[in-house]
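Comments concern the structure below.
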Amino acid sequence: MNKCPTKQHLRWLLVALLTSIATTSIAQTQSTWQEDYQEFIREEDEDKEPDEELYEWLASFIDKPIDLNRATREDLEQLPFLSDQQIEDILFYRYQCQNIRSTAELHLIPSLSNACARLLAHFISVEKPSEKPYNSLLKSLHHGYHQIMFSANIPLYQRRGFTERKYWGGPIKHDFRYTFQANHQIAWGLIGAQDAGEPFFKQGNSCGYDHYAGYLLLRNFHCIKTAIIGDYRVKVGMGLVINNDFALGKTMLRYALERTTATLHPHASRTAGNYLQGAAVTIALNRYITTTNFVSYRANDATLNKDDSATISTLLYSGLHRTEQEMLHKNNHQQFVAGTHLQYAKDGFHLATTLLHTTLSRILRPNTTRLYKQFAPAGKHFTNLSIDYGYTNRHLSFMGETAIDKCCALATLNSLTWQMSSSVQMQFIQRFYSLRYQSLFARSFGENGHVQDESGIFSSLQWHINALHQLYFAADYAYFAWPRYQQSFAGTHAIEARTQWDFQGNNWRMNVRYNYRLQQQDVPDHSQLHNKHTYRIRMQTIYPLWQWQCQTELNGVVVAQEKQSSGFLLSQTITKSWNTSSITAHIAYFYTQDNQSSLYQYERALRYQFHFLRFSGKGMRYALQSKLVCNHHFIFIAHAGLTHYFDRQTIGTGPQQIMHPVQADIQIQTILKF
């Protein structure tokens with residue numbers, strides 16, 4: 001019965017795509033920052049979901065962009081996708097040219113890729129600023145603005161968890177956000193968030209929303225570079241001691257880790273895990289020395305051991321509290337964190353040291369009967385000490401960090417970036433993370449971000465062939481000394497290789513990316529390892545069609561292990577914008593042979609949200625989004641999405657199962673500015 005509809009949908013989609021591609025236009029392609037952000041992050045692992053916290057942080061610069069002709073190094077360091085080398089090149093180019101007069105000049109800076117230059121252009125201003133920096137906080141407050149936002153996701157289906165009364169709350173996911181911002185100098189905010197199924201003003205959530213986050217932020221006030229009271233995130237050095245800042249994938253993380261200055265960001269997200277609560281401050285002691293100090297005390301979620309409820313089996317970061325069991329995990333232990341970072345920087349050279357101490361109210365005792373958890377973090381007190389170092393000039397950037405824990409286990413990471421010419425850049429990253437190294441907040445460059453039991457080498461080459469063409473090559477090798485999850489043998493390895501071609505025309509652009517990954521995994525009976533080969537290709541074209549902005553994308557995957565599986569996804573997105581409104585339509589057909597060959601795709605969503613969808617099986621995806629702006633003070637956004645599976649009668653498993661082959665949602669958002 002499903003065969004005919006599938007062919008009809010696919011035929012209709014192919015006709016539409018061929019018609020669009022065959023039509024030419026002279027209009028200039030103008031993409032939104034969300035589309036350029038999506039393109040930039042898609043240089044990462046295809047199956048790595050983008051970080052919502054990063055998306056929200058970047059969105060805050062749209063209304064108040066950074067004045068590039070007055071920006072300091074600290075101002076540009078607020079953008080986590082820029083490396084130290086790139087910031088150095090931007091400042092040097094501005095110095096050479098006196099002032100930057102157009103964002104098109106960003107493409108003349110050698111270390112900025114085309115995708116990075118397009119993304120950066122959305123967050124900076126090169127025209128005469130409408131505001132001047134204020135020395136007085138009162139003046140800054142007077143020129144600030146407030147924003148109140150309400151969002152809701154309304155499902156047009158019901159999951160088993162609701163029909164069987166396993167979930168304590170309702171099916172609507174909703175949140176609110178209040179923020180105030182003044183000239184990038186002072187800001188505060190309050191966020192309340194509720195996932196579908198979580199109780200509201202009842203059963204453990206007597207204060208309403210399941211999660212609240214609030215902060216007060218002060219920047220560049222006399223000797224205070226950054227100060228935060230409330231909920232915040234921290235990254236110091238290259239992340240070997242603490243990095244609970246934005247969750248970046250490999251490609252973006254290697255840029256962010258080159259910037260080893262301490263970074264403090266307010267936690268302004270709906271996510272309820274992996275942030276600190278208390279106070280943090282970065283102070284310039286003099287022209288060359290800065291210090292960052294922070295302290296935190298908050299309740300966290302955890303799974304307790306069944307044989308000893310006074311000990312913790314697993315620390316939890318999902319923030320979900322929908323069922324009775326999940327409610328038992330909520331805030332069942334306390335965590336105290338204190339840290340200090342001292343840095344000396346002069347003429348491109350820097351040297352810094354970091355000390356971090358963490359204490360849990362319960363003893364962390366993981367299940368070490370599982371071989372891959374034999375060396376997992378354990379205990380009640382954790383202490384880490386590191387030294388980070390580096391030197392940056394216009395042609396060379398060397399960064400590194402070496403850390404030890406309380407048992408003197410070692411972790412080290414070193415990066416070398418070489419601007420060989422105005423068109424060629426190379427990078428090498430070496431890492432060694434001891435099997436016995438333990439840190440609860442470490443996250444850095446590696447196979448999965450964990451700073452433990454991994455050694456490897458990464459290399460990349462970026463080549464600006466000319467103003468139109470750019471090539472990128474990268475390869476990474478990782479070795480693991482101890483058994484890991486789904487790897488019951490010691491001494492495994494992983495290999496990843498990637499190549500990408502970008503074309504930037506006057507009125508359209510195109511990129512083609514190929515990715516290969518080798519992983520070793522257990523066979524079903526765990527008697528031996530086999531190699532899992534994954535090949536992915538993505539081709540994307542963005543072009544104008546009359547007054548519409550169009551994007552055509554084809555994704556393909558082949559997974560070869562004991563048996564081979566494959567899949568593809570073909571999609572078309574069109575956007576039409578007017579002065580006060582816009583509309584976006586999206587349609588996609590997907591086919592995969594099983595879950596191993598799943599495919600991933602970005603879809604435009606509500607403001608401060610990022611819609612990253614995973615598809616497996618056979619079906620169609622439809623989406624429509626509209627936006628209305630009234631006098632720059634009121635914004636209304638509506639998004640409707642529907643996924644129809646042709647090869648099944650139910651979607652998902654367990655409490656999340658939908659007893660129907662169609663999944664449809666309506667999302668609405670209202671934003672008030674004053």
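Might you report the magnitude of the Cβ-based charge dipole of the chain about its Cα centre, with Lys and Arg at +1 and Asp and Glu at -1, to the nearest 20 debye?
With only Lys, Arg, Asp and Glu charged at Cβ, the dipole is about 760 debye.
A simple charge model with +1 on the Cβ of Lys and Arg, -1 on the Cβ of Asp and Glu and nothing else charged puts the dipole of segment 282-419 at about 60 debye relative to its Cα centre.
Quick one: net charge around Tyr479, please, counting Lys, Arg +1 and Asp, Glu -1 for every other residue with C-beta under 12 Å from its C-beta.
-2
Over the residues of the chain, the helix contribution to mean residue ellipticity at 222 nm works out to -3500 deg cm²/dmol, using -39500 (n - 2.57) for each DSSP H run of at least 4. FRET efficiency for the pair Ala467 and Phe200, taken as 1/(1 + (r/R0)^6) with r the Cβ-Cβ distance and R0 = 41 Å, rounds to 0.15. Peptide packing for 82-89, 662-669, 96-103, 408-415 was compared via the average number of neighbouring C-beta atoms within 10 Å per residue; ordered from the highest value, the list is 82-89, 408-415, 662-669, 96-103.
Gain on full extension, evaluated as 0.36 nm per residue between Thr580 and Gln334 minus their Cα-Cα distance, stands at 83.8 nm. Near Ala638, once Lys and Arg are set to +1 and Asp and Glu to -1 for all other residues with Cβ below 13 Å from its Cβ, the sum equals +2. A 1.4 Å probe run over the chain, with the rest of the protein chains in place, finds 44 Å² accessible per residue. Taking the accessible area of segment 595-673, probe 1.4 Å, and keeping the other protein chains in place, the carbon and sulfur fraction comes to 60%. Looking at Leu371, Gln657, Cys630, which one has the Cα that reaches farthest to the positive end of the dipole of the chain (charges on Cβ: Lys, Arg +1; Asp, Glu -1)? The residue sitting farthest along the positive end of the dipole is Cys630.
Of Lys235/Lys673; Lys627/Lys673; Lys330/Lys373, which pairs sit farther than 25 Å apart, going by alpha carbon to alpha carbon? Pairs exceeding 25 Å: Lys235/Lys673. Farthest towards the positive end of the charge dipole of the chain, among the residues His222, Gln98, His267, is the Cα of His267, using unit charges on the Cβ of Lys, Arg, Asp and Glu. Share of carbon and sulfur in the accessible area of segment 408-564 stands at 61%, probe radius 1.4 Å. Atom-type composition of the exposed protein surface of segment 55-106 places 48 percent of the accessible area on carbon and sulfur (1.4 angstrom probe).
The values are calculated or read from the model by the stated rules, or taken from the named source; none is laboratory data. The shown structure was predicted, so the numbers you read here are calculated from the model rather than taken from an experiment. Cβ coordinates were reconstructed from backbone atoms using ideal geometry, including for glycine residues, and neighbour counts include every protein chain displayed. Side chains are part of the model used for accessible areas, which takes the heavy atoms of the whole protein and leaves out ligands, DNA and RNA. Shrake-Rupley method; radii C 1.70, N 1.55, O 1.52, S 1.80 Å.
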